[in-house]
Amino acid sequence: MTTTVNPVLRVAPAAPAEAAAHFRAGLAFHTDVSDVAAALGAGGDPGFVLVDSRSTEAWDQGHIPGALHLPTALVPEQAGQLLDRSVPVVTYCWGPGCNGAARAALALAELGYRVKEMLGGFEYWVREGLAFETWQGRERRAPDPLTSPADAGDCGC
């Protein structure tokens, strides 16, 4: 009798200890919109600086309240004047289709900063119905039910 292995299990899952190490390592490098919003909304010092790594035009279209604007290309020359190496940094860019936050995080790490990338970027911040700022003031859009389940408080995970 021939058994067909489905595409999911064609490569066996990792052993639990290996999987735990992998996912722990991933969480050392990434955070998400819900966790950043919760930390910023708790009041007081969140323990990190949020850096928007996009262009000035993108920043003007909208950015997360309290974020510091530091375009990726300017990290090498301006990070030392704007950031404290003892404070962790969280970078973000447009969204999942943009690697600007990863490039900014790399540049900051190479300069000696502890850094995480915020998955989802500004796109998911807005899609989750969180407030953002533009050159005209504060705005908020209705949450996208696919990214922000009603009454979940976070990603619903």
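The values are calculated or read from the model by the stated rules, or taken from the named source; none is laboratory data. Quantities reported herein were computed from a predicted structural model and do not represent experimental measurements. Glycine gets a Cβ as well: all are built from the backbone with ideal geometry, and neighbour counts include every protein chain shown. These area figures cover heavy atoms from the full protein model, side chains too; ligands, DNA and RNA do not enter into them. Shrake-Rupley method; radii C 1.70, N 1.55, O 1.52, S 1.80 Å.
Considering only Ala79, Ala15, Ala39, the mean-square fluctuation computed in a Gaussian network model of the chain, springs between alpha carbons under 10 angstrom, is largest for Ala15.
Taking Rh as the Kirkwood radius computed over C-alpha pairs, what is the Stokes-Einstein D of the chain at 25 °C in a medium of viscosity 0.890 mPa s, expressed in µm² per second?
143
What relative contact order, as a whole-number percentage, does the stretch 25-144 give when Cα pairs under 8 Å and 6 or more residues apart are counted? Relative contact order here is 29 percent. Each helix, a run of at least 4 DSSP H residues, gives -39500 (n - 2.57); summed and divided by the residues of the chain, these come to -10000 deg cm²/dmol at 222 nm. For the stretch 74-144, the residue among Val87, Leu74, Gln136 whose Cα projects farthest onto the positive side of the dipole built from Cβ charges is Val87. Just the C-alpha atoms of the stretch 60-102: what Rg/Rh do they give, with Rh taken as the Kirkwood radius? Expressed as Rg/Rh, it is 0.95. For the stretch 1-75, pairs of C-alpha atoms spaced more than 13 angstrom apart make up 78 percent of the total.
Local charge for Met118 was computed over the other residues whose Cβ lies under 9 Å away, with Lys and Arg +1 and Asp and Glu -1, and equals -2. Over the chain, with a Gaussian network built from C-alpha contacts below 10 Å, which listed residue (Pro71, Pro145, Pro16) shows the highest mean-square fluctuation? Ranking Pro71, Pro145, Pro16 by mean-square fluctuation puts Pro16 first. The mean accessible area for residues of the chain, using a 1.4 Å probe and ignoring ligands and nucleic acids, is 62 Å² per residue. Taking amide H as placed 1.01 Å from N in the peptide plane, Leu119 has its amide H under 5 Å from the amide H of Thr31, Asp32, Val33, each at least 5 places away in sequence or on another chain. Ordered from longest to shortest, the equivalent ellipsoid semi-axes for the stretch 86-138 are 23, 13, 9 Å, each the square root of 5 times a Cα gyration tensor eigenvalue. In this structure the amide hydrogen of Val89, modeled in the peptide plane, comes within under 5 Å of the amide hydrogens of Val49, Arg114, Val115, Lys116, none closer than 5 places in sequence on its chain. Modelled spin-label separation between Glu139 and Asp60, with each label point placed 7 Å from Cα along the Cα-to-Cβ direction: 1.4 nm. Between the stretch 36-88 and the stretch 96-111, the C-alpha centres lie 12 angstrom from each other. For the stretch 67-157, the convex hull spanned by the alpha carbon atoms encloses 121 Å³ per residue. Highest GNM mean-square fluctuation, the chain, Cα pairs closer than 10 Å: which of Thr72, Thr134, Thr91? For the chain, modelled as a Gaussian network with Cα springs under 10 Å, the answer is Thr134.
At 1.4 Å probe size, with the rest of the protein present, what percent of the exposed accessible area of the chain is carbon and sulfur atoms?
Within the chain, the accessible surface is 58 percent carbon and sulfur.
Local charge for Leu106 was computed over the other residues whose Cβ lies under 15 Å away, with Lys and Arg +1 and Asp and Glu -1, and equals +1. Taken about its Cα centre, the chain carries a charge dipole of about 340 debye when Lys and Arg each add +1 at the Cβ and Asp and Glu each add -1 at the Cβ.
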